[in-house]
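Student: Dropping a structure here in structure tokens format, bear with me for questions.
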Amino acid sequence: MILSDASVRRPIAMGCLIIGLALLGFNAFRKMGLELMPSMDVPFVTILTVYPGASPEELETDVAKRIEDAVVSIDGLKHVNSTCMENACQTLLEFQMEVDVDIAATDVREKLDLIRADMPADVEDPIIQKFDINSTPIVNLALTGDAPLDELYDFADNTLSDRITVISGVAEVQLIGGAEREVHVKLDRDKLAARSLSSMNVVTAIQNAVRTIPSGRVRDDRTEYAVKFDADYDRVVDLADLEVANDAGRRCHIRDVGHVTMATEEVRQTATINGRSCVAIKVVKKAEANAVRVANAVRDAMDNLNAELPGGMELVWVDDDGRFIEANNQSAWINVFQGILLTAAILFIFLYNLRSLFVVAVTMPLTIVIGLFFMQMFGYTLNTSTLIAIGMSVGILVTNSIVVLEAIVKRLDATGDPKEASRLGAKEAFIAVLASAGTNIVVLFPLASMKTKLGLFIGPLAMTMFIMTVVSLFISFTLTPLLCSLVLRPRKEGSRSLLALMERGWNWGFDRVVGAYRWLLQFNERHRWAALLTIAAVLALFVHSLRLAGSLGTTAFSESDMARVYLRLEFPTRYNLQETVRRVKQAEERIADLPELRHMLTTVGKVEAVLGQSSEGVYLAQILMKFSERDERDISIDELMNMVRSRMEDYADAIVAVSQPSMIGGQSNPVELEIAGDDLKTLDGLALKTRGFAREIPGFLDPDTTVRPGKPEIRIEPRRAVLSDLGAPAVGLGMALRANLEGVEAGTYKENARNYDIVVKFTEEPGKDQVDEFLFPGADGHPVLLANLGEVVESEMPIQIVRKDKRRIAKLTSQLADSLPLGTAVAKMSEKIDEQGNLPPGYGYQFGGIYEMMAEGQAGLGEAGVMAVILVVLTLAAIMESFRQPALILVTLPLALIGAIWALALGGESFSLFVIMGIVMMVGIVVNNAILIMDQFNVHVREGIPRHKAMITASCERFRPIVMITLAAVLGMLPLALGQGIGAEMRNGVGIASAGGILVSGVLTLIVVPILYDLFTRKGKEVV
């Protein structure tokens, strides 16, 4: 073997190469970013279309359907989702994973340009944006204090946000609570009517009188002068002197019909921190920025930010993702080092040789360190996926070194020359190690090439494992023989040292075990009934494990304890902001004394939501509860969530939902049932029926639907004949009505390098009867009631209309208890709907969201599993130059499945996507033991030993390394399986399944492979 020979003959040269790679690895580790999840380039495009004053039905007909018809022909489009709300329509386009989102966004713009003329004239130009899932809020702050709310918001909006957005990696700052300042021209409706004026007259006057117009330039001799027409006002109060009308010399100024003040927009959102009024601040990172570095940079800037705060203000750090990500990373590395220590301990027990232990203790960490260098070259960060791969690699990667080391030690005992033993031992182990590493590697290719959303998580994991395996292979034939040639010494016969005595005692005991194992194999060979009985028992275990697997259920990802809980409150749509705030304070009082509660950030008017749920409205509220970190408290996050549910159980007149944050941001709703059809009332009825089904199924928590009572609406339908007689256009009446109530932006006021909108509106008065009593100019200057110009009708309008793939849908969302996996929940709900749903013709249902991703991921993993088995067979056949021996080696796969399923059942885990991925990866791992046996078997056959005797001899000779390898792999993964650190939930399942599968497969392989060989070659037939 060229590498091993070169390493032994030129140790300094090879040592320098490995030291250089190690230094590069340490430097890469220092520079690598920390993330919670890998960067996910998911092709989404959003379209926001504003249609002022339009109802959801009008938006559906005039905007949503037109957009859907236009974009549906774009190549690669997977789903088109539309949400029609009052005044706006939001369309979300999801494309297939292979689509370039930049090209898709350009195609969308081209399609919308073609239909722009078909939309109503008042529809604003659609805003098209690429939705980047990596650009997420990572820090929550709160600006509070004794200052008025408008001052808090003004400082946060114009000063604080500027200070934060210049920090490297920060994309934007989102503010909740308060409103922007603007100049209000508040009109007295009676005075205005008395002068036969409307609010639009004031709007027109301001539009024509307040503006700065660059006029050009003039030259005088050698000097050039800029000419500017300046019709802006220097003081707000001076705006009251603006002339609105002049009738035969009778001037009417703004001060005659109203007054001008500096105020704020209508407050539609509020926020509190621990019961104190505040402005909630969300810091959003750039898509390519590192979350931990950005969070730390913002934290480092806190002292300077607090120093710049005006008196009476306080900036509170609520929480951030950086702390969780760092703790998750630290916990994962602790598991890695624990695995290394456990692996080293088990090797010491078998070797009782400090020199051999030194070789393994050096090669294992260096494999990981050098692997980090190549990970950085590929652009990977340290995240949940890559850390799982590193954790899994601890016990697996030592396999190669153990096989090489065991061969070298055996040669050293025979020759007494460390250098020669290192060369020959590495050469003898080459085929077995190459086959082992080859099978480990080939199963990773199908995983790395998955073209689904799950592939974004699995790809970095598979490539990290590939890197670590290749590096391990390189280290096994370079550093391992190098160190062995330098540090190993022949055994001293008759040594009385403590280690020698311990080794002889251990070897004596282990030899007894090997002797019992040999007797068992010979007994099965002589007694066919015993062999058949053993195989039957193994088959029974396999059948039992398959039945057990059906009860475990499937899920997407295990939820991690991020020390955060969301409480979403949705009140009747008739609630105004003040009533919602009053009710939210009642909810805060119920949960204020929860144990381990650090902060309680409440927002009213803007909440987290999934597609189909309302996210903005004065009837919505959300309380973010920040608790002590997982490693700082004894109570679990599930217990805290149950306490919240218990305290909110009798909270009347509200829809309550308790959830944890999703790993990719926002709230997590595992169940998203979508019912599609045409009639809204029918859809609402079906959705409510499914909510009843959910309440009947144990494990469904906080089931909710998108069905909501309509919002009270006052609709004015113009009397066109009357308006025609008055010579007044209907649209003009509508704009005047909007100016009376909502207000119309008429101009801009500039002061201290800042712009403020000038908004004209009536002075607000309570009562709905005022609408039909509004006065508008009529013939001969006489005012006319609105009731005479239009029909005033009270009705209800739907809050929103949700569409998916060009059909209306109603949704059911729900949380799930730990005892009910997502796959089982979907199966039970589907069974209920199929048996009792009675869906009318033309109506159907499907599960979207997390379940859709899970189903696609499971299909992709199934395909990857089949490909992995085929590639393993081809690899083994190529290395062993036989198609028969790989068939026997594949028997280890169902044996591993027995252990994985039993381990999951004992650990209370279900088949998550990472668990299934781990089982697919085991295809290349569990065959290693059988490879060692078959490789040694082939050696003995070539030596002329009879085949049956060769099989028993090979099995006994490989018993020791197989036990070492199996225990090393299991103990290396044990910290991954049993870890209790922050973020360990994502890693536990794959660790439990892998450790269980490798352990049971290792034990049963030693028994089943020799028995099967004997059974199929009993009558002299040499099948293998």
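Student: State whether one or more residues within segment 477-492 are modelled with pLDDT of 80 or more, touching a Lys or Arg at 6+ places or on another chain (Cβ under 9 Å), surrounded by fewer than 16 Cβ atoms within 10 Å (Cβ to Cβ) and charged (D, E, K, R).
Tutor: Yes.
Student: Something else about it: I'm trying to understand the selection: among the residues of segment 939-954, which are within 15 Å of Ala407 (Cβ to Cβ) and open to solvent by 20 Å² or more (accessible area, probe 1.4 Å)?
Tutor: Val939
Student: Restricting attention to segment 58-68, does a residue exist that is within 20 Å of Ile370 (Cα to Cα), modelled with pLDDT of 85 or more, open to solvent by less than 60 Å² (accessible area, probe 1.4 Å) and more than 23 Å from the chain's Cα centre (by Cα)? Talk me through it step by step, then tell me what you get.
Tutor: So in segment 58-68, the residues within 20 Å of Ile370 (Cα to Cα) come out as none.
No, the conditions are met nowhere in segment 58-68.
Student: Step by step: first the residues of segment 616-652, then only those that are small (Gly, Ala, Ser) and open to solvent by 10 Å² or more (accessible area, probe 1.4 Å), then the one that is nearest to Ile591 (Cα to Cα). Which residue is that? Before you say what the answer is, go through the steps one by one.
Tutor: To start, the set of residues in segment 616-652 that are small (Gly, Ala, Ser) comprises 617, 621, 628, 636, 646, 652.
Narrowing the set further to residues that are open to solvent by 10 Å² or more (accessible area, probe 1.4 Å) leaves 617, 636, 646, 652.
Numbers: Gly617: 23, Ser636: 16, Ser646: 10, Ala652: 16 Å.
Residue satisfying both the conditions and the ranking: Ser646.
Student: Can you pull out the helices (runs of 4 or more DSSP H) entirely within segment 275-352 that have at least 3 residues that are under 20 Å from Glu629 (Cα atoms) and under 29 Å from the mean Cα position of the chain (by Cα)? Please lay out each step first, then the result.
Tutor: Values: elements: 291-300, 302-307, 321-351.
Output list reads 291-300, 321-351.
Student: Assuming Arg355 fulfils every condition listed in (1) free of Cβ contacts under 8 Å to residues at least 24 places away in the same chain; (2) open to solvent by 30 Å² or more (accessible area, probe 1.4 Å); (3) under 30 Å from Leu501 (Cβ atoms) apart from one, which condition is it?
Tutor: The one condition Arg355 does not meet is (1).
Student: Same structure, new question: With the requirement that a residue be out of contact with any strand residue (DSSP E or B) (no Cβ under 9 Å at 6 or more places or on another chain) and assigned to a strand (DSSP E or B), what does segment 179-237 give you? Please lay out each step first, then the result.
Tutor: Our first condition is that a residue be out of contact with any strand residue (DSSP E or B) (no Cβ under 9 Å at 6 or more places or on another chain); within segment 179-237, this holds for 208, 220-223.
Of everything in segment 179-237, those that are out of contact with any strand residue (DSSP E or B) (no Cβ under 9 Å at 6 or more places or on another chain) and assigned to a strand (DSSP E or B) turn out to be Asp220, Thr223.
Student: Are any of the residues in segment 123-137 under 22 Å from Glu308 (Cα atoms) and assigned to a strand (DSSP E or B)? Break it down stepwise before answering.
Tutor: Kept after step one, since they are under 22 Å from Glu308 (Cα atoms), are these residues of segment 123-137: none.
Checked against the condition, which is being under 22 Å from Glu308 (Cα atoms) and assigned to a strand (DSSP E or B), segment 123-137 yields no hits at all.
Student: Filter segment 238-274 down to the residues that are assigned to a strand (DSSP E or B), more than 18 Å from Asp757 (Cβ to Cβ) and either of a type outside the set (Gly, Ala, Ser) or modelled with pLDDT under 85 (or both) and list them by number. Working first, answer last.
Tutor: Taking segment 238-274 and keeping what is assigned to a strand (DSSP E or B), we get 243-247, 250-253, 258-264, 270-273.
With more than 18 Å from Asp757 (Cβ to Cβ) added as a condition, the list becomes 243-247, 250-253, 270-273.
Glu243, Val244, Asn246, Asp247, Arg250, Arg251, Cys252, His253, Thr270, Thr272, Ile273 - these are the residues of segment 238-274 that are assigned to a strand (DSSP E or B), more than 18 Å from Asp757 (Cβ to Cβ) and either of a type outside the set (Gly, Ala, Ser) or modelled with pLDDT under 85 (or both).
Student: I'd like to check something: does segment 513-521 contain any residue that is without any contact (Cβ under 8 Å) to a residue 60 or more places away in the chain and charged (D, E, K, R)?
Tutor: Within segment 513-521 (the criterion being without any contact (Cβ under 8 Å) to a residue 60 or more places away in the chain and charged (D, E, K, R)), the answer is no, since none of the residues qualifies.
Student: Can you list the helices (runs of 4 or more DSSP H) lying wholly within segment 437-500 that have 3 or more residues being closer than 25 Å to Arg423 by Cβ? Even if it seems obvious, please write down each step before you answer.
Tutor: Values: elements: 444-448, 453-476, 479-487.
Those helices (runs of 4 or more DSSP H) span 453-476, 479-487.
Student: Since Thr415 meets every condition but one in (1) at pLDDT below 85; (2) among the polar types (S, T, N, Q); (3) buried (at least 21 other Cβ atoms within 10 Å of the Cβ), which condition does it not meet?
Tutor: (3)
Student: On to the next question. Return a yes/no flag: does segment 848-862 have any residue that is within 30 Å of Phe883 (Cα to Cα), modelled with pLDDT of 85 or more and surrounded by 21 or more Cβ atoms within 10 Å (Cβ to Cβ).
Tutor: In the first step, residues of segment 848-862 are kept if they are within 30 Å of Phe883 (Cα to Cα); the result is 858-862.
Then drop every residue that is not modelled with pLDDT of 85 or more, which leaves 858-862.
Among the residues that remain, those that are also surrounded by 21 or more Cβ atoms within 10 Å (Cβ to Cβ) are: 860-861.
Yes: segment 848-862 contains one or more residues that are within 30 Å of Phe883 (Cα to Cα), modelled with pLDDT of 85 or more and surrounded by 21 or more Cβ atoms within 10 Å (Cβ to Cβ).
Student: Closer than 30 Å to Glu794 by Cα, part of a strand (DSSP E or B) and open to solvent by less than 30 Å² (accessible area, probe 1.4 Å): which single residue out of Val604, Val565, Val584 fits that description?
Tutor: On the way: Val565 fails: closer than 30 Å to Glu794 by Cα; Val584 fails: part of a strand (DSSP E or B).
Selected residue: Val604, the only one of Val604, Val565, Val584 that is closer than 30 Å to Glu794 by Cα, part of a strand (DSSP E or B) and open to solvent by less than 30 Å² (accessible area, probe 1.4 Å).
Student: Still on this model: Here is a check on your reading of the model: is Trp508 more than 51 Å from the chain's Cα centre (by Cα), at pLDDT 85 or above, open to solvent by 70 Å² or more (accessible area, probe 1.4 Å) and more than 30 Å from Leu354 (Cα to Cα)? Walk me through how you get there before you give the answer.
Tutor: Working: more than 51 Å from the chain's Cα centre (by Cα): yes; at pLDDT 85 or above: yes; open to solvent by 70 Å² or more (accessible area, probe 1.4 Å): yes; more than 30 Å from Leu354 (Cα to Cα): no.
Considered against the rule, which asks whether it is more than 51 Å from the chain's Cα centre (by Cα), at pLDDT 85 or above, open to solvent by 70 Å² or more (accessible area, probe 1.4 Å) and more than 30 Å from Leu354 (Cα to Cα), Trp508 comes out as no.
Student: Also, I was wondering about something else. Among the residues that make up segment 884-896, is at least one of them within 34 Å of the chain's Cα centre (by Cα), buried (at least 22 other Cβ atoms within 10 Å of the Cβ) and under 30 Å from Gln338 (Cβ atoms)?
Tutor: Among the residues of segment 884-896, at least one is within 34 Å of the chain's Cα centre (by Cα), buried (at least 22 other Cβ atoms within 10 Å of the Cβ) and under 30 Å from Gln338 (Cβ atoms), which makes the answer yes.
The values are calculated or read from the model by the stated rules, or taken from the named source; none is laboratory data. Note that the structure is a prediction, hence the values are computed from the model and not measured. With ideal geometry, Cβ positions are generated from the backbone for all residues, glycine too; neighbour counts draw on all protein chains shown. Side chains are part of the model used for accessible areas, which takes the heavy atoms of the whole protein and leaves out ligands, DNA and RNA. Shrake-Rupley method; radii C 1.70, N 1.55, O 1.52, S 1.80 Å.
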